[in-house]
Each structure stands twice: as C-alpha cells, then as structure tokens.
C-alpha cells in the first residue's frame, strides 16, 4: 500500500471512528432515553419522595406558629359525691351531696413581645428553606440518575468491546496454532496467544460483573430495571454558560444549597428575636363561664361569669432566658458562615466539573485519533506477521492497544455527559421543569396553601 493510500485510509478511519464507537457505546437502540429514565427517577426515587414528605412536615410549622394569634378554649367538668355529718344542740344530722361543676374558659393573648409574629416569620423562612432543600435533593437524584444511566451504557459498551477482543484473540490463537503445526512459529508464540486469551476471558468476566453492579445502581436510583438505553447527545451543553466564570456567577446565586442556607440565616435571625421575646411582658385577656350544682346544703345551683385582664412581667427566671438569647446569636453566626461554606463548595464544584467537561472533550478527540491509528496499525502488523516480519507478540500487543483505545473513548464519552449534567446541577437547573421532563411536576406550594390557615383537623390533605 502506498504512502498516499495509507494517509487517505487514516483520515477515513479518523472521520468514521466516532460513528463506530457511538454504535458500540449505545448498541441497544430503543425508545428508553435519558429523559425517560430521569422522569422515572423523579417519580420513583425514595430519597426524593422522602424529602417531599419532610417538606410537607415543615409546612406545618406555619399553622403551629399562627396558632399564637388564636384564642385557647378549654372546658372543665367535675362531678363527685360528698358526705357531711353535723351536730347541733346534741342532735346529729347526716347529709350527702353530689357537687357538679361545668366551666368554659377562653384565653386570648394580646401582646407577648412579638413572639408569635417572629415565630411565624421563622416558620415561613423554614418553609422556603425546605423547598430549596427539596430542590437540592431533586438535583442530586437527577445527577445520580444520569450517572447510573451512563454507567449502564458504558458497561454494555465495554462488555461488547471485551467480547470482541476475546473473539479476535481467539482467532489469533487459532492462526498461531495453525502456523505452529506447520513449523512457522514456536511453542512460545502459542503460549503467548493462550495467555492473552485467558487475560481477555478475565476481562470479559470483570466487565460482566461491573455491568451487573451498574444495573443494580440503576434500579436503586431510577426505580425500574434498565432496558435498552440510547446514548444522549450533546444538546444539554447548550444550557451551560459559555465560561467557568459565568457558571460560578450563576451557581453562587441560584444553587439551592446556597439559597437554603440563606433562608436558614433568616430563620436564625427570627430565633434571636423569639428568644428576646421571653424577656418581654405578656398581656392576655381571659373570659370564663361556669355553672355549679349542689355545692352546699344551702345552695342548689350557682352561675358565674367573668373577664380578667392578665399582665405577666418576667423579672428573673434563673438566667436561662439570657443564655437562650446568647445561644441563638451564636447559631445565627454559624448560619451566616454556612452561606459562605456553601458558596465556596459551589465554586469548587463549578471549576471541577468545568475542567472535567473540557478534559472529556479533549480526551474524546485524542481517543478517536488513537482508535484510528491503532486500527491501521493492527492491520499493518497482521500483514507483516503473515510474511514473517512481525512476531506474535506484536500482533497481540496491537490488538490490546486497539481495545484499550476504544475503551478509553467509551469512558471519555461517558465522562462528557456526566460532566455536562454536573454543570447543569451546579447552576441549579437540573430539575424536572428546566429539563422539560414529561411528568406531573410536584409543587410544594400546593400543600402549604392547604394547611397554612387550617384551624383544626387530624387528616393530612392526602387523606392520611
């Protein structure tokens, strides 16, 4: 083959290797796309469903806080029997009474140092924070689903490559044995080929084990067994800002972990005010209505009603209230620091995932060139081996190099997809709405509106 022909063939191989490896990377073509897997995870994942229940539980903090604006109503019923014996002028008299009393008391707080108002504001901040925590959990689940999905695709592709490598080495072993039988090669060449076949069999077994593990992780995260998966394209990368600085700018403002920590600062600030309210006077009004019967021999029944205005001024309570204020201030300081911690973590992740995406793109280009070169080299080595210019070891090494380069390409393609979705997660957009998943979107505000102004009732809005 002439030099020009070899160069032309190399260019052809480099141009076509992407299509070939993508076919191996997603050999089982079907309708089960990554979006379908993410939709299944959105519905089925237990961690996400657990966090939704936790968010609904936090919603109840608001009606609990609002109860401080409402009156407390209590009733009391007492009934009993009473025996009395009296003596007058030497004459004894026995008597039995059945005293009964019914009372109704209504207490309404008028002023408590804005304790109820600050408790309500803290509860509302906790609700907002819990929603961001839910959104962060959703992003984590979505990213885990992407990773599990791509791991299964990678596992299938690597298994197929190892099986192809085993078949090629077995063919080389048969050819080596044929040449050994006619005296063209030595027993050493046969042993080398047999060793490579055994190594390839080990690699196939390892690939099978890895794929089984990937499928188990897929089932855990997504909630269904993996079927025939299709490899996603690079379209998701259009949602990523064009620079790492842009990624960090968006991430530090919109990542749910950062927003949740900011709401935690608000809640801690209101906790300080709540602790300070314990030093404030409390003014309340109390109304009562009572009815009693058979309280004494001379009174058959009595009715009472009254209204009392109560003012309680705490002068000293052992110092616990002052300690609570200092403690709340320290928790506030901690919450403010946590905002910076989360921002630093988000920045670090932005740089890390950006670097991983850039590296994966470069690795794909390098691996494509390496596959093309190794394919051409293997063909040349085999031809030279047939005419006695190459050894069996050279052929076996060339076959191994080709398999390794194809495996590296598969790994780089997987890393590119995972890195891209990781960056989407960093900027806070890896959720059902921004991904336009075809699922009913869970709206935490619906449950909040259902319970916020609820005055009574034991059942949750879903009937439990």
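The values are calculated or read from the model by the stated rules, or taken from the named source; none is laboratory data. Computed from a predicted model, the values in this text were never measured in an experiment. No Cβ is skipped: glycine too gets one built from the backbone with ideal geometry, and neighbour counts run over all protein chains shown.
Just one of the numbered conditions (1) in contact with a helix residue (DSSP H, G or I) (Cβ under 7 Å, 6 or more places away or on another chain); (2) surrounded by fewer than 19 Cβ atoms within 10 Å (Cβ to Cβ) is not true of residue 268; which one? With (1) in contact with a helix residue (DSSP H, G or I) (Cβ under 7 Å, 6 or more places away or on another chain); (2) surrounded by fewer than 19 Cβ atoms within 10 Å (Cβ to Cβ) applied to residue 268, the lone miss is (2). Exactly one residue out of 95, 80 is at pLDDT below 95, outside the structural domain of residue 265 (by TED's automatic domain parsing) and surrounded by 11 or more Cβ atoms within 10 Å (Cβ to Cβ), and it is 95. Taking segment 358-390 as the range and being touching a helix residue (DSSP H, G or I) at 6+ places or on another chain (Cβ under 7 Å) and either outside any helix (DSSP H, G or I) or free of Cβ contacts under 8 Å to residues at least 40 places away in the same chain (or both) as the test, the residues that pass are 370, 374, 377, 378, 381, 382, 385, 390.
Only one entry in 282, 351 is out of contact with any helix residue (DSSP H, G or I) (no Cβ under 7 Å at 6 or more places or on another chain) and either closer than 30 Å to residue 74 by Cα or assigned by TED's automatic domain parsing to the domain that holds residue 435 (or both), namely 282.
Table: residues versus (1) buried (at least 19 other Cβ atoms within 10 Å of the Cβ); (2) farther than 30 Å from residue 39 by Cβ; (3) at pLDDT 95 or above.
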| position | (1), (2), (3) |
| --- | --- |
| 385 | yes, yes, no |
| 389 | no, yes, no |
| 393 | no, yes, no |
| 451 | no, no, no |
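Taken as a whole, the condition of being in the same structural domain as residue 240 (by TED's automatic domain parsing), part of a loop (DSSP other than H, G, I, E, B) and either free of Cβ contacts under 8 Å to residues at least 24 places away in the same chain or under 16 Å from residue 39 (Cα atoms) (or both) does not apply to residue 446. Residues that are touching a helix residue (DSSP H, G or I) at 6+ places or on another chain (Cβ under 7 Å), part of a helix (DSSP H, G or I), modelled with pLDDT under 80 and within 27 Å of residue 236 (Cα to Cα) within segment 12-36 comprise 14, 17, 18, 21, 24, 25, listed in sequence order.
Taking residue 428 as the residue in question, decide whether it is outside any helix (DSSP H, G or I), closer than 28 Å to residue 239 by Cβ and under 29 Å from the mean Cα position of the chain (by Cα).
On the way: outside any helix (DSSP H, G or I): yes; closer than 28 Å to residue 239 by Cβ: yes; under 29 Å from the mean Cα position of the chain (by Cα): yes.
When the stated conditions are applied, residue 428 passes them.
Restricting attention to segment 183-198, the residues that are in a helix (DSSP H, G or I) and within 12 Å of residue 393 (Cα to Cα) add up to 9. For segment 287-307, the criterion of a residue being assigned by TED's automatic domain parsing to the domain that holds residue 97, farther than 30 Å from residue 81 by Cβ, in contact with a strand residue (DSSP E or B) (Cβ under 9 Å, 6 or more places away or on another chain) and touching a residue at least 40 places away in the same chain (Cβ under 8 Å) is satisfied by at least one position.
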